[in-house]
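Accompanying notes for the structure given below.
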Amino acid sequence: MPAYAGILVYKLMSLQNTLSIHVKNAVQELYQAQLLSVEFQATRKEFEGDITVVVFPMLRVLKGNPVQIGTQIGEYLVAHVSDVTGFNVVKGFLNIVIADSYYLDFFKGIQEEGNYGIKVPEGKAVMVEYSSPNTNKPLHLGHVRNNLLGYAVAKIIEASGKKVYKTQIINDRGIHICKSMLAWQRFGNGETPESTGLKGDKLVGNYYVKFDQEYKKEITQLVAEGVAEEHAKKEAPILVEAQEMLRKWEAGDDEVVALWKKMNQWVYDGFDVTYKNLGVDFDHLYYESNTYLLGKDNIQEGLENGVFFKKEDGSVWCDLTEDGLDEKIVLRSDGTAVYMTQDIGTAIQRVKDHPDVGGMIYTVGNEQDYHFKVLFLILKKLGYDWAENLFHLSYGMVDLPSGKMKSREGTVVDADDLISEMAKTAGTISEDLGKLDGYSQEEKNGLYKTIGLGALKYYILKVDPKKRILFNPEESVDFQGNTGPFIQYTYARIQSILRKAKETNVATTIGNSTVLHAKEKELLKCIQDYPATIELAAENHSPALIANYTYDLVKEFNSFYQQVSILGADTEEEKSFRVALSAQVAQVIKSAFGLLGIDVPERM
């Protein structure tokens, strides 16, 4: 447990707990009644106070005027709680004023702690799956949202005190792979990533598009010859040949398997470059080519235990109608698996591989909501206790002003191109603002990438995962408002203050006689919320909570910066405290952005 934990847990938890106990005691003594709980909220900005007790719920057990009740409880708290120095009542809201000493003690407790808010992982682990691409095309904008969400959720859950395994299942088999392979065989003339200078995933993706173009030509030709369109779609020679290639792969044909291995490796190498550029990684990889046969034994066990039933044609099903769902096939009549079979087997295999896993999170688009409801329910019925801790991190699509993306037609927004364009956009805006005088070109390029990638990540992660996003690159790189660059700029501004303070030998000690300015107090209250925000974000699997908390902290700091002189403070004690407070704000910004996978520059 971190060094600050004792003080911090006491300060963050015991104030509200203490107030809750004393409010209950007040109600008992003043009204001879018993409260089961006390409702708190942050005091509204326009009223004096630091924490507010909501009186209205008490009227269920108390009779009387809420203002009078609040006043009497406030007087009781001032008399019995040393940290309470005053109060006011607005209608049914008791606004409580907390002593400066409380916040100063809290700040002293965390000042030297570099990992404030971050817990040491312990207990059962959580496996977070994200990315999971097909090996027939490059990663695109949709994959970017998936990767950013999954990686950030993994980091946040880890920060909340759980061990995390980051994983993906690479969809490296199936007809879509064979389409790219066949098109390369027919039209590739032996070209490779090396001979073309293309990343392997882009090269293979080009042949996926080429297959679709040739397929459509053949359909058009067959229809012109009098074949019904539906039959033409099934009988097009290039599709029939791709299906035959898949059968050969499943039979272990040496030539087909060798081609499959070669082209998949091109894609893996390309993916690795994109992941590095995006700043995400994985602890364990699974490949569908190794897992697609998993699950059949589990289906047999389920049959024996009555979880599944067999129909007359020999197919195996799970009846979920009593659970509000439908019947779900888990094995075809010919004994072949469906995707559900594989997912059942893969989940079980993951726990075998990592026995400390007590739950899993699947980062998959919302079009698969029903699939995961069924999967989780079946695993529960099979009796796995960890199945109670499965979660589908469902997210909406990412749209562009130009419309939807279609990978078969080659109209996707390539992830690598997007990252590059974001850096260019950041560069253009930075140059226009004239913020980078004195930088070398190498320094500028590094900064453009940091700003551009930060803008992209923040724009996507600040939105609730379930919501659909219309991504606007230029809007995301705005240096004002709720954007990544605005927060990065504030961090860099604080670093400039700290450098100047160091040059003039300003100490960062906290005096015992410090009297807090209202803006200092607001900043400390905001800093106090960080550990609880991590917990809440982990519970809700929502990086948006961290993103918007960071924006609120930055807004609070900028208000403080505008109204309170830091290096020009009246006394050395005030100057030292404000520099120390600024440093702590910067540390929290860097920590919070780290959970989102976003870097912060020392200068901007």
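The values are calculated or read from the model by the stated rules, or taken from the named source; none is laboratory data. What you see is a predicted model, and the numbers here were worked out from it, not measured in a lab. Positions of Cβ are backbone-derived with ideal geometry, glycine not excepted, and every protein chain shown enters the neighbour counts. The protein model used for the area step is the full one, side chains on, heavy atoms only, and it has no ligands, DNA or RNA in it. Shrake-Rupley method; radii C 1.70, N 1.55, O 1.52, S 1.80 Å.
A compact table of results
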{"read-out": "In the range 447-478, the residues that are in a loop (DSSP other than H, G, I, E, B) and surrounded by 19 or more Cβ atoms within 10 Å (Cβ to Cβ)", "value": "Lys462, Val463, Pro465, Phe471, Val477"}
{"read-out": "Selection status of Asp281, assigned to a loop (DSSP other than H, G, I, E, B) and either open to solvent by less than 30 Å² (accessible area, probe 1.4 Å) or closer than 30 Å to Leu148 by Cα (or both)", "value": "yes"}
{"read-out": "Residue identified as within 29 Å of Ala583 (Cβ to Cβ), touching a helix residue (DSSP H, G or I) at 6+ places or on another chain (Cβ under 9 Å) and of a type in the set (S, T, N, Q) among Ser132, Ser160", "value": "Ser160"}
{"read-out": "Lone qualifier among Ala532, Ala569 - being of a type outside the set (Ser, Thr, Tyr) and farther than 30 Å from Pro465 by Cβ", "value": "Ala569"}
{"read-out": "Where Met58 falls short, out of the listed (1) under 36 Å from the mean Cα position of the chain (by Cα); (2) modelled with pLDDT of 95 or more", "value": "(1)"}
{"read-out": "Residue within the range 551-559 that is free of Cβ contacts under 8 Å to residues at least 24 places away in the same chain and under 27 Å from Asp281 (Cβ atoms) present", "value": "no"}
{"read-out": "Selected residue (criterion: most open to solvent (accessible area, probe 1.4 Å)) from residues of the range 288-314 that are free of Cβ contacts under 8 Å to residues at least 24 places away in the same chain and part of a helix (DSSP H, G or I)", "value": "Glu304"}
{"read-out": "Close pairs from the range 535-550: first within 20 Å of Glu129 (Cβ to Cβ), partner open to solvent by 50 Å² or more (accessible area, probe 1.4 Å) and assigned to a helix (DSSP H, G or I), Cβ under 6 Å, at least 6 apart", "value": "Ala537/Leu545"}
{"read-out": "Where a residue in the range 21-38 is under 13 Å from Glu75 (Cα atoms) and in contact (Cβ under 8 Å) with a residue 40 or more places away in the chain and its partner, wherever it lies, is of a type in the set (S, T, N, Q) and open to solvent by less than 100 Å² (accessible area, probe 1.4 Å), with Cβ under 6 Å and at least six apart", "value": "Leu30/Gln72"}
{"read-out": "Residues within the range 341-385 that are within 28 Å of Asp464 (Cβ to Cβ), free of Cβ contacts under 8 Å to residues at least 60 places away in the same chain and either of a type in the set (Lys, Arg) or buried (at least 16 other Cβ atoms within 10 Å of the Cβ) (or both), tallied", "value": "11"}
{"read-out": "Whichever residue in the range 103-126 is in contact with a strand residue (DSSP E or B) (Cβ under 9 Å, 6 or more places away or on another chain), open to solvent by less than 70 Å² (accessible area, probe 1.4 Å) and at pLDDT below 95 and, among such residues, is nearest to Ala580 (Cα to Cα)", "value": "Pro121"}
{"read-out": "Residues located in the range 152-173, provided they are open to solvent by less than 10 Å² (accessible area, probe 1.4 Å) and farther than 30 Å from Ala537 by Cα", "value": "Asp172"}
{"read-out": "Cross-chain or 6+ apart pairs with Cβ under 8 Å, the range 573-584 first and under 11 Å from Gln495 (Cα atoms), then assigned to a helix (DSSP H, G or I) and small (Gly, Ala, Ser)", "value": "Val579/Ala501"}
{"read-out": "Those residues of the range 6-49 which are basic (Lys, Arg) and at pLDDT below 95, in sequence order", "value": "Lys11, Arg44, Lys45"}
{"read-out": "Residue, most open to solvent (accessible area, probe 1.4 Å), within the range 386-400, restricted to residues that are in contact (Cβ under 8 Å) with a residue 60 or more places away in the chain and among the small types (Gly, Ala, Ser)", "value": "Ser394"}
{"read-out": "Subset of the range 188-218 that is open to solvent by 70 Å² or more (accessible area, probe 1.4 Å) and of a type outside the set (Gly, Ala, Ser) - its residue that is nearest to Val273 (Cα to Cα)", "value": "Glu194"}
{"read-out": "Members of the range 207-244 found to be of a type outside the set (Gly, Ala, Ser) and touching a residue at least 24 places away in the same chain (Cβ under 8 Å), listed by number", "value": "Tyr207, Tyr208, Val209, Lys210, Phe211, Asp212, Glu214, Tyr215, Ile238, Leu239, Glu241, Gln243"}
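To keep it simple, each residue is scored yes or no on (1) open to solvent by 20 Å² or more (accessible area, probe 1.4 Å); (2) over 21 Å from Lys462 (Cα atoms).
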residue	(1), (2)
Glu556	yes, no
Phe560	no, yes
Ser565	yes, yes
Ser576	no, yes
Leu596	no, no
Asp599	yes, no
